[in-house]
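A.B. asks: Next up is a structure, given as structure tokens.
Derivation of every value follows stated rules applied to the coordinates shown; laboratory data play no part. Note that the structure is a prediction, hence the values are computed from the model and not measured. Ideal geometry is used to build each Cβ from the backbone, glycine not excepted, and the neighbour counts take in all protein chains shown.
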Amino acid sequence: MNKSLVAYFSATGTTEGAANALAKAARADLYRITPAQPYSSRDLNWNNSSSRSSVEMGNDSARPALAQVAPDLSPYDVVFVGFPIWWYVEPRIVDTFLESCDLSGKAVVPFATSGSSGITRAASRMRDIVPQARVLDGRMMNDRPSTSELEAWIRGLGL
Ligand SMILES: Cc1cc2nc3c(=O)[nH]c(=O)nc-3n(C[C@H](O)[C@H](O)[C@H](O)COP(=O)(O)O)c2cc1C
């Protein structure tokens with residue numbers, strides 16, 4: 001397979017575990033998408049319509065700032081992008097990341113963890129945000145796939 005990067009955002013560590021497993025299986029470099037302002041547990045309260053995450057997710061064009069300048073993706077042909085599902089889609093900080101990088105001509109492979117929601121709506125939204133990339137359907141990682149399961153999935157992507 002081509003050289004790949006696993007870039008992920010994780011607010012409470014679950015997606016980070018999935019990202020580590022995927023980077024190992026894909027023999028990929030790992031990059032943490034870090035918000036300039038970390039999310040506190042109060043920020044993550046989805047029961048409060050005024051919490052930071054509720055306000056951001058209620059606004060399609062919210063783009064919270066990243067802590068660092070976006071990475072140079074020129075060495076990579078494939079970028080796995082991981083995140084927790086928030087309100088059925090990818091968190092807006094992931095949109096900031098996607099828009100800050102040069103993803104033209106690259107394959108973008110979403111992966112996510114969630115309480116139960118799937119990844120279809122996120123992948124579709126990501127296609128709208130980076131039409132210059134080829135965004136694949138992606139995979140949920142709630143089933144904590146083994147290295148061999150991940151390797152088989154990656155081979156099946158035909159990258
Ligand atoms: C603001 C917010 C919104 C969420 N929305 C959803 C959702 O729509 N569907 C779902 O199944 N889980 C939802 N979750 C649960 C997270 O997707 C789940 O806990 C995820 O594994 C957390 O990953 P992390 O530890 O990497 O941040 C939400 C969590 C938060 C904080």
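A.B. asks: Which residues, taken from region 108-130, are aliphatic (A, V, I, L, M) and within 12 Å of the chain's Cα centre (by Cα)?
C.D. replies: Within region 108-130, VAL108, VAL109, ALA112, ILE119, ALA122, ALA123, MET126 meet the criteria.
A.B. asks: If I go through region 131-148 residue by residue, how many of them are within 13 Å of the chain's Cα centre (by Cα) and without any contact (Cβ under 8 Å) to a residue 60 or more places away in the chain?
C.D. replies: 6
A.B. asks: In the list ARG121, ARG127, which residue meets the criterion of being touching a residue at least 24 places away in the same chain (Cβ under 8 Å) and assigned to a helix (DSSP H, G or I)?
C.D. replies: Criteria check complete, one pass: ARG121.
Each row is one residue, and each column tells you yes or no for (1) polar (S, T, N, Q); (2) out of contact with any strand residue (DSSP E or B) (no Cβ under 8 Å at 6 or more places or on another chain).
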| position | (1), (2) |
| --- | --- |
| ALA107 | no, no |
| GLY115 | no, yes |
| ALA122 | no, no |
| ARG127 | no, no |
| ALA133 | no, no |
| LEU136 | no, no |
| ARG139 | no, no |
| ASN142 | yes, no |
| THR147 | yes, yes |
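A.B. asks: Checking TRP153 against (1) within 16 Å of the ligand (Cβ to nearest atom); (2) surrounded by 16 or more Cβ atoms within 10 Å (Cβ to Cβ), only one condition comes out false. Which one?
C.D. replies: (1)
A.B. asks: While we're here: For region 145-159, give me the residue count where each residue is farther than 19 Å from VAL81 by Cβ and outside any helix (DSSP H, G or I).
C.D. replies: Result for region 145-159: 1.
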